[in-house]
There are 2 protein chains.
Amino acid sequence: MKDTRSRATGRPTLAHVAALAGVSQITTSRALRSVPTVAPELVERVRAAAKALSYVPNPAARTLASARSQSILVLVPALSNHLFIETLEAIQAVFRPRGFEMLIGNYHYDSYEEEELIRNYLSHQPCGILLTGFKRSAVAADLLATSGVPRVQMMDLGGDTASVCVGFSQGSAGRAVADHLLSRGRRKLAFVGAQLDDRVMQRRAGFQQAIADAGFSQAVDILTPEPSSVDLGVTLFKRLLAECPQTDGVFFCNDDLAFGACFEALRKGISIPQRLSVVGFNDLPGASQMVPRLTTVQTPRASIGRQAAINLLKLLDGETLDTERVDLGFELVVRESS
Amino acid sequence: MKDTRSRATGRPTLAHVAALAGVSQITTSRALRSVPTVAPELVERVRAAAKALSYVPNPAARTLASARSQSILVLVPALSNHLFIETLEAIQAVFRPRGFEMLIGNYHYDSYEEEELIRNYLSHQPCGILLTGFKRSAVAADLLATSGVPRVQMMDLGGDTASVCVGFSQGSAGRAVADHLLSRGRRKLAFVGAQLDDRVMQRRAGFQQAIADAGFSQAVDILTPEPSSVDLGVTLFKRLLAECPQTDGVFFCNDDLAFGACFEALRKGISIPQRLSVVGFNDLPGASQMVPRLTTVQTPRASIGRQAAINLLKLLDGETLDTERVDLGFELVVRESS
DNA sequence: GAGATTTAGGATAGCGCTATCTCAAAGTCG
DNA sequence: CGACTTTGAGATAGCGCTATCCTAAATCTC
């Protein structure tokens, strides 16, 4: 019985496959990577040998030799918001079948942590990067730019730069909610925001702008940097009722806050939408079953993930994108709560 | 100006740090890895040089040379259940400060996908593995065993084997729910289960067993392999009411199903707990704000992640664990819904 | 104080791949 | 038809680290 595995790792190497297929190691490497200069017959033989030995390439060796790994770095600000889970799933659905792996970096909405993640993960030499939003520390931006690794931004549509992005206009979504509430005759509006990241603030700006454009008075702001949650929704809704009891329309920056408000309203006997209208954001699971069923903005987070991944693949293949800025829109879903 | 970066990657290498510190490359390697045979003064000098060059080790080279990466493979059956997000966060809080990276594998409750993930990720030579549960395909179990990589199982407490695990008894949790419902005078019980993974079935078995032990008749089963969700909760609750209108106590295998039931009950004017008691599982965010506030089983998923990670670190350091099976218990949180 | 042991650091040789260069054989063209 | 390109495959040389062996100095032993 001949040696068919490496001493160090206990697994077969390219050399073993090459020996079995009766070709050189480099031809084996090429055949397995589908480099087109290898005769189909040899590719066949190499593939068969690899299969026979259950050969799996060693990614460390590959990365070291080529100075490029087969992984994609994906940076998201949170995993606790279901929104990003759906985006990640969609991204993975594109990359896994193509043999790319995902390195998931969760920076907890903390720009310093984002910077550290970028520094650490760049050392793995990812072949592409997917980022959430445009706003980040100067150092982080510089690390990214210097790395030269192709990247695509997700979720919003940075106004100015020529960078590749896939998302929707957070500001327009905010405007759409204001227009809707105004069309329902609501005039004493409030914006309830948590986390206060860039995108929440864009929604808020669009919301306020639409109100101003319609000639009505500015919405009350109930803002907190705490992460969004159902519990927080209860707290902020109580605060709103205490501070501005006359409010007749509220835009919550995320559905879970709105869920909390609905629960509190049920408990207090405040009828939604009779006494006030409630609009959420994202159409998270459960929004359509809430009592009352929640009016909210359905955001295309899965499509964003999919399209961002596809565009990144195109960049990796050296293709030029017809559109650098992809706007996937959003949909205001009007239900019972408004 | 001297060369302080590699031609291939554009980053400084160990050799550059060594040159700047005026010691050999291998001493530099040792100093940075805190190998104890290096004089403190040299360590100091090397650290300073590394810092001056913003040196970051190349993980591919390290992995190739040592046949072991600095990453931990974590396999979870889903990311869409908030439960596992909390576990992942807790795991990461232990590993990141120690310089380990997490490879997250989501197998979507699919044992073939789990097998593929194991095969692919083992090629990265992780130094440790965290697994969810005990049940997996024979091939997967064999791949794991053959790899010889230290591993810890999370979530339940496999009855027989001597494997290291951290979790709680899913069966006992099921029993506790049954005992609670029986103590409330409920006799016409139902178990509503989705996904039907190993742990759900253990809960069900404990639930039914406790009912049998108390001498009452078996709970009605409403089961489906679909993934748990609020929408599905609505559907299954409707089915339960249609099939067994006399039911007076229901155990939902996950809170989101119970949420759906509460919403449907509110809509139909079915009063919980007067007409029937509802108990959920996991105490997911929102459970305590649901109308009515949901009685549920609080599971220690964050502690499980943390303790599993700590125990895995001990295994990596060659320590022997005083307890191979860590039972972190659970707590029945009685609220308004029962 | 000579021989045995320990210790700190260095020299060397890969880890398993791929980039790059090379070369023979086959095809191309005026 | 001879010089020129193209084409498929191999030989070679690393990628940036660490395992392993080795040496010289320091320490210990009786």
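The values are calculated or read from the model by the stated rules, or taken from the named source; none is laboratory data. Note that this is a predicted model, so its numbers are computed, not measured. Here the Cβ positions follow ideal geometry from the backbone for every residue, glycine too, while neighbour counts run over all protein chains shown. All accessible areas refer to the heavy atoms of the entire protein, side chains included, with ligands and DNA or RNA removed. Shrake-Rupley method; radii C 1.70, N 1.55, O 1.52, S 1.80 Å.
Within region B:14-57, what whole-number % of the accessible surface is contributed by carbon and sulfur, with the 1.4 Å probe and all protein chains included in the calculation?
C and S fraction of accessible area: 58 percent.
Return the sequence-ordered ³J(HN,Hα) values of region B:65-70 in whole Hz as given by the Karplus equation 6.51 cos²θ - 1.76 cosθ + 1.60 applied to θ = phi - 60°, using x for Gly and Pro.
Residue by residue, region B:65-70 yields 6, 9, 6, 7, 8, 9 Hz.
Enter the Cα centre distance for the pair region B:89-161 and region A:209-274, rounded to the nearest angstrom.
For region B:89-161 versus region A:209-274, the Cα centre distance is 43 Å.
Just the number, please: buried accessible area between A and B, total of both chains, 1.4 angstrom probe, nearest 100 square angstrom.
That pair hides around 4000 Å² of surface in total.
Which three numbers, in whole Å and largest first, are the semi-axes of the equivalent ellipsoid of region B:14-57 derived from its Cα gyration tensor as √(5λ)?
Here the semi-axes work out to 14, 10, 9 Å.
Could you give each residue of region B:333-338 its phi-based ³J(HN,Hα) in whole Hz, using Karplus coefficients 6.51, -1.76, 1.60 with θ = phi - 60°, and x for Gly or Pro?
Residue by residue, region B:333-338 yields 9, 8, 10, 7, 7, 9 Hz.
At a 1.4 Å probe radius, carbon and sulfur cover how many percent of the accessible area of region A:62-147?
C and S fraction of accessible area: 53 percent.
Before rounding to the nearest 500, sum -39500 (n - 2.57) across all DSSP H runs of length at least 4 in chain B and divide by the residue total; then give [θ] at 222 nm in deg cm²/dmol.
Only helices count here, giving -13500 deg cm²/dmol.
From largest to smallest, what semi-axes in whole angstrom does region B:1-114 give when each is the square root of 5 times an eigenvalue of its alpha carbon gyration tensor?
Each semi-axis is √(5λ); the values are 37, 16, 13 Å.
Rg over Rh of region A:170-298, using C-alpha atoms and the Kirkwood radius, what does it come to?
That ratio equals 0.92.
Tell me the angle of helix B:198-213 to the major Cα principal axis of chain B, expressed in degrees between 0 and 90 and rounded to the nearest ten.
Tilt relative to chain B: about 40 degrees.
For A:Gly128, which sequence-distant residues (separation of 5 or more, or a different chain) have an amide H within less than 5 Å of its own amide H, given hydrogens modelled in the peptide plane?
A:Leu73
So, in nm, how far is label A:Ile26 from label B:Gln246 when the simple model puts each one 7 Å beyond its Cα toward the Cβ?
8.2
Mind checking which of A:Leu53, A:Leu157, A:Leu75 has the largest fluctuation in a GNM of chain A, springs on alpha carbons under 10 Å?
The residue with the greatest mean-square fluctuation here is A:Leu53.
Pop out the carbon and sulfur fraction of the accessible area of region A:243-319 as a percent, whole number, probe 1.4 Å.
Carbon and sulfur atoms account for 47 percent of the accessible area of region A:243-319.
On average, how much accessible surface per residue is there in region B:14-57, in Å², for a 1.4 Å probe, leaving out ligands, DNA and RNA?
58
I'd like the orientation of helix A:82-95 relative to chain A: the angle between its Cα long axis and the longest Cα principal axis, in ° from 0 to 90, rounded to 10.
Rounded to the nearest ten degrees, it is 30.
Once amide H atoms are built 1.01 Å from N in the peptide plane, which residues 5 or more positions from A:Tyr107, or in another chain, come under 5 Å H to H?
Amide H to amide H, under 5 Å and 5 or more residues apart or across chains, A:Tyr107 pairs with A:Val76, A:Ala78.
Would you kindly work out, in nm and rounded to one decimal, the distances from the label point of B:Val333 to those of the same position in each other copy, ordered shortest first, with label points 7 Å along Cα-to-Cβ?
2.6
How far is B:Ala15 from itself in the other copies, in nm, if each label sits 7 Å out from Cα along the Cα-Cβ line, shortest first?
Ordered by increasing distance: 2.2 nm.
If ligands, DNA and RNA are left out, what is the accessible area of A:His82 with a 1.4 Å probe, given in Å² to the nearest 10?
Taking all protein chains as shown, A:His82 has close to 50 Å².
Report the relative contact order of region B:14-57, percent, no decimals, based on alpha-carbon pairs under 8 angstrom and at least 6 residues apart.
42
Can you list the equivalent-ellipsoid semi-axes of chain B, largest first and in whole Å, using the square root of 5 times each Cα gyration tensor eigenvalue?
Each semi-axis is the square root of five times an eigenvalue, giving 51, 19, 17 Å.
Apply the Debye scattering formula to the protein assembly as shown, with a single equal point scatterer on each alpha-carbon and no solvent, then give log10 I(q)/I(0) at q = 0.06, 0.09 Å⁻¹.
These q points yield log10 I(q)/I(0) values of -0.40, -0.89.
Using alpha carbons only, how many degrees (0 to 90, rounded to 10) separate the axis of helix A:255-268 from the longest principal axis of chain A?
40
Taking amide hydrogens as modeled 1.01 Å from N in the peptide plane, which residues meet the under 5 Å criterion relative to A:Ala190, leaving out close sequence neighbours?
Here A:Val220, A:Gly249, A:Val250, A:Phe251 satisfy the definition.
What value in Å³ per residue do you get for the convex hull of the alpha-carbon atoms in region B:231-338?
110
In Å², and per residue, what accessible area does region A:170-298 have when probed at 1.4 Å with the other protein chains present?
34
Kindly report, to the nearest 10 Å², the accessible surface of B:Thr13 as traced by a 1.4 Å probe over protein heavy atoms only.
Accessible surface of B:Thr13 is approximately 50 Å².
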